[in-house]
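Reading through the structure tokens given below for one structure.
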Amino acid sequence: MDGQNGSSSICSRPHGAVTDDKKKRKKKEKKEEKEKIPDRVTLKKEIGLLSACTIIIGNIIGSGIFISPKGVLEHSGSVGLALVVWLLGGCIAALGSLCYAELGVTIPKSGGDYSYVTEIFGGLMGFLLLWSAVLIMYPTTLAVIALTFSSYVLQPVFPNCVPPYMATRMMSATCLLLLTWVNCSSVRMATRIQDAFTVGKLMALGLIIVVGLVQICNGNYEALTPQVAFSLDRTPSVGQIALAFLQASFAFSGWNFLNYVTEEVVEPRRNLPRAIYISIPLVTFVYTLTNIAYFSSMSPEELLSSNAVAVTFGEKLLGMFSVIMPISVALSTFGGINGYLFTSSRLCFSGAREGHLPSLLAMIHYKNCTPIPALLVCCTATIVILCIGETHNLINYVSFINYLSYGVTIAGLLYYRWKKPNLYRPIKVNLLVPVCYLMFWALLLGFSLYSEPVVCGVGLVIMLTGVPVYFLGVHWKEKPKCIYNFIGESCLRKSALRFLGFCTKFN
């Protein structure tokens, strides 16, 4: 009876009461979900020492070591002088990275050069660096690396000819879209890819070094003896030596990229300098041995006539296994694209947070903690440059800006010490370090400007076009409402919020 009474009482329960319970349950679930979302979404600290090292190594070792040896040898005029340039290029990168280690722990913000220059010299100088980097420098570099990747991937498919224009562009765009999706989805997944491909590219260079050492052990080292190595067909001018250093510096570019993600590094005051001290000497050692391997197996004439040094090296020494070389270069450039996307998106994020770019780009996905709008802008800008066509000339134009930004940033370190002498600095490098770097930097850019005035002049013009943009877009606070309506930032923001909401449901 009791059971029957119980069942009848349940059955006779009003339908409205059940509906009220469902509504209460839904309200409770929504409240719990809101409590899980923090009031202020920030970037997660997920980059440990290993990932920090792989970000530096992965960004430095991209396409440069497979392209620059030809340019360094061409401008330096001899094998011996070329090897000296490679060693000194690594030493200069080490001096610069020590200065950036001090700045990174003194001003612990993501954004690298841009954040430091903005903090030290003010908004205009910071904006000019940001403008040139976001507009041309990083999208163009990404485009060149992506095109290198697609060319080497497609080479086995088109063994007797250059891969078609559209095929290389489609492959490059597919690679960019895939890695953009990965970086939007998870910081951890992006850093794991970086770790794996950094190991892969070190193994590829290790193969070149081992084969070269075998050649040396077999007695093929005549080109490396001092009498032959430093014999000059022509005496290079000081300007030519400066251009050789610029070629080597292109291969070392990326040594400052960990500073773009400082806020995501676990214990940055300890891991940032450690990663620099490990990575830069390792890359310098690998680069020097790789060039020794090239010169032990190829004559200077063969190296200068080759458009793909690593592939020529493989064809000459690896026989039927020569296909390993284009695959290795493809893996290297794939990791380079991932590293550049990861760091350049953080630059956009930092610029938006400072008010120098639309605030939309400072948005972070609350669940994944990734700057999705900034990543999409970087990807879109790179695809646009891919569609323009030839990008190597643009690289020449912006290389000057790149090294100009290094010098301005390190000069800022000296000025900041004078401006705030009592500021706590966990790392404080010897004063000779920034002074030596700046002396070399001034000589390098001065002679480069003398040797290539048009290229360097165009680079300066690109940077200075940001001055009116800064005063109209950033400095002018009381703009008429019609300008905001024309820009349509509110519509853009709504679209972005809808997109982020979709991503939340998708994930």
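The values are calculated or read from the model by the stated rules, or taken from the named source; none is laboratory data. Note that this is a predicted model, so its numbers are computed, not measured. Note that we place each Cβ from the backbone using ideal geometry, even for glycine, and neighbour counts take in every protein chain shown. Calculation scope for accessible area: heavy atoms of the full protein, side chains included, ligands and nucleic acids excluded. Shrake-Rupley method; radii C 1.70, N 1.55, O 1.52, S 1.80 Å.
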Checklist entry - Can you name the residue in region 314-361 that is touching an Asp or Glu at 6+ places or on another chain (Cβ under 9 Å) and open to solvent by 10 Å² or more (accessible area, probe 1.4 Å) and is also nearest to T54 (Cα to Cα) among such residues? => result S322
Checklist entry - Considering T370, T333, T343, which residue is outside any helix (DSSP H, G or I), closer than 26 Å to E264 by Cα and within 18 Å of the chain's Cα centre (by Cα)? => result T370
Checklist entry - Applying the selection to region 102-143, what residues are buried (at least 23 other Cβ atoms within 10 Å of the Cβ) and hydrophobic (A, V, I, L, M, F, W, C)? => result L103, V117, F127, L128, L129, L130, W131, A133, V134, M137, L142, A143
Next on the checklist: Taking the criterion of being under 31 Å from the mean Cα position of the chain (by Cα), modelled with pLDDT under 55, open to solvent by 30 Å² or more (accessible area, probe 1.4 Å) and not hydrophobic (A, V, I, L, M, F, W, C), would at least one residue in region 39-49 satisfy it?
Outcome noted: yes
